[in-house]
Amino acid sequence: MSLSRFFILHVLHQQPLHGYEITKHVAALTNDCCAPTEGSLYPVLKEFTEAELLSVDIQVVSGRERKVYTLTPKGEEAYQIAAKSWGEVANYILMAVKSE
């Protein structure tokens, strides 16, 4: 799983969000280094939804529909596995940097 996909799951692990909010939360969390663009976010959200990692709720705000994404139990499991894996990778990166 790519790092940007991990961060998408991470922010949805914290709370349900719509697409624009997902991008903003990931950008804030990563200092803009891993924020998905609109063109890359929605295909990932579609893929995650089709894989049943996310559920979608349609909300109407100011007369406009927006999709709010929520992690499913399967999505929560995928997030936990990814978090453990990326945590291990981060440790290896830190060890490599400290040894220089």
Inter-residue pairs, beta-carbon under 6 Å, first in contact (Cβ under 8 Å) with a residue 24 or more places away in the chain and in the range 85-100, second surrounded by 10 or more Cβ atoms within 10 Å (Cβ to Cβ) and aromatic (Phe, Trp, Tyr), 6+ apart: Trp86/Phe6
For the range 38-74, name all the residues that are touching a residue at least 12 places away in the same chain (Cβ under 8 Å) and of a type in the set (Lys, Arg). Arg66, Lys67, Lys74
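Any read-out appearing in this document is the output of simple, stated calculations on the displayed coordinates, not a laboratory observation. Fair warning: this is a prediction, and the values are worked out from it, not measured in the lab. Backbone-built Cβ (ideal geometry, glycine too); neighbour counts: all protein chains shown.
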